[in-house]
Amino acid sequence: MTNQPGRNDLAGKNIVTVFGGTGFLGRRIVTRLLDKAVDVRSVSRHPHKYKLDTVSGQRPSQEIEADILDSSSIAAAVAGSRAVVNAVSLYVERGEHTFERVHIEAAADLATASRDAGVEMFVQISGIGSDPKSRSNYIQARGRGEEVVKAAFPGAVIVRPSVMAGPDDAFITTIARLVRILPIYPLFGEGGTRLQPVYVEDVAEAVSRLASGQYSTDASIFECAGPRIYSYRELVQEIATQLNARSRLVPVPFAVWSIVATAAEFLPAVSLTRNQVDLMRRDNVTANDLPGLEELGIQSRGIEELVHMIEHEA
């Protein structure tokens, strides 16, 4: 456990504990909370993995090394917290790190420990399309994870982002890189899957507003997505247009993608998973009857702005 000098007396303070605090979304949630002058406890297996870029220049009040799979470390990490955010995710199963263990069992353990510790708010990061009845192990686990969290922590808030994009993501950035270099770009199926990509910083801001108590709400589920719905083909074409790239778009059957993904999962650096292929088989857009970014006072940013960010950092 590492504390900032002079900031180790946290008794009675408004502490928000973020599990997965060094992840793609988690570290941005931590940053947004810090910029709101919230005392943040960032919890991860590798607490010093990323450098935080905050307006205030502060680091979390506490940076704790803990494993969500270890129930004893969970209890210590949530002690004294007003709110807890579970931003831990898993996309490829390795050893004991299975979808069942991480997205269901560990989520339930964390929600239970938070309830027992007297935590006031629990925020579970899930995803649009999560479905406990899905044939996909990943999608099913995310859906069941929502169920066990709500059962363990009545009043828990579920945040479901659509496909998240950012300068260091594995989706928009990958498309942008490939349309620059490939004369032929392979589509998932016919490219008809509908997507509503959201800027990861907008999702982080939404979670920080909920966890900090900035916005009080009776809603239990928020679906966070960008301002525009694209077909996958339209999205690739839009990115190519923004980058002045010319790439011919060619349909590739999902059966072929599944074979490629199965082989890719055996590589040390996984670039494509079967779960990503499963996700691309179904639309990923918000439900009309659920609140989202707008209800939290956030104006979502479009893909054009994000592509320019990626181009600037390339």
Q. Taking the mean number of other Cβ atoms within 10 Å as a proxy for protection, how do you rank 93-101, 218-226, 156-164 from highest to lowest?
A. 156-164, 218-226, 93-101
Q. Are there trypsin sites (Lys or Arg not before Pro) in the range 132-166 that DSSP marks as loop and that have at most 14 other Cβ atoms within 10 Å, and which are they?
A. 133, 135
Q. Separation between the residue 217 and residue 35 pseudo-spin-labels, each 7 Å from Cα along Cα→Cβ, expressed in nm?
A. 1.9
Q | Fully extended contour minus Cα-Cα distance, from residue 151 to residue 184, at 0.36 nm per residue | A | 7.1 nm
Q: For the range 78-95 and the range 145-195, write down the distance between their C-alpha centroids in whole Å.
A: 19
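Rank by packing, highest mean first: peptides 278-291, 255-268, 67-80, 194-207, with packing defined as the count of other Cβ atoms within 10 Å averaged across residues.
194-207, 67-80, 278-291, 255-268
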(Q) Calculate the FRET efficiency for residue 281 and residue 305 from the Cβ-Cβ distance with a Förster distance of 22 Å, rounded to the nearest 0.05. (A) 0.20
Q: Kindly give Rg over Rh for the range 128-283, based on alpha-carbon atoms, with the Kirkwood expression for the hydrodynamic radius.
A: 1.00
Q.
I need the calculated FRET efficiency for the pair residue 177 and residue 290, taking r as the beta carbon distance and R₀ as 45 Å, to the nearest 0.05.
A. 0.85
Q: For residue 71 paired with residue 252, estimate the spin-label separation in nm (one decimal), with each label point 7 Å from Cα along the Cα-to-Cβ line.
A: 4.4
Q. Okay, which of the range 158-197 sit inside 14 Å, backbone N to the point 7 Å along the Cα-Cβ direction of residue 241?
A. none
Q.
Given the range 158-237, report the % of alpha carbon pairs whose separation exceeds 23 Å.
A. 32
Q: Could you tell me whether the range 51-176 comes out rounded, prolate or oblate from its Cα gyration tensor? Rule is a ≥ b ≥ c as square roots of the eigenvalues, rounded for a/c under 1.5, then prolate if a/b exceeds b/c, otherwise oblate.
A: oblate
Q.
Can you tell me the length gained on complete extension of the stretch residue 94 to residue 170, counting 0.36 nm per residue apart and subtracting the Cα distance?
A. 25.4 nm
Q: Please check which bits of the range 207-224 a label hung off residue 14 would reach, taking the label as a point 7 Å along Cα-to-C-beta and the cut-off as backbone N under 14 Å.
A: 208-217
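Bear in mind that the values in this text are calculations on the coordinates, not laboratory data. Keep in mind that what you see is a predicted model, and the values were worked out from it rather than measured. Cβ coordinates were reconstructed from backbone atoms using ideal geometry, including for glycine residues, and neighbour counts include every protein chain displayed.
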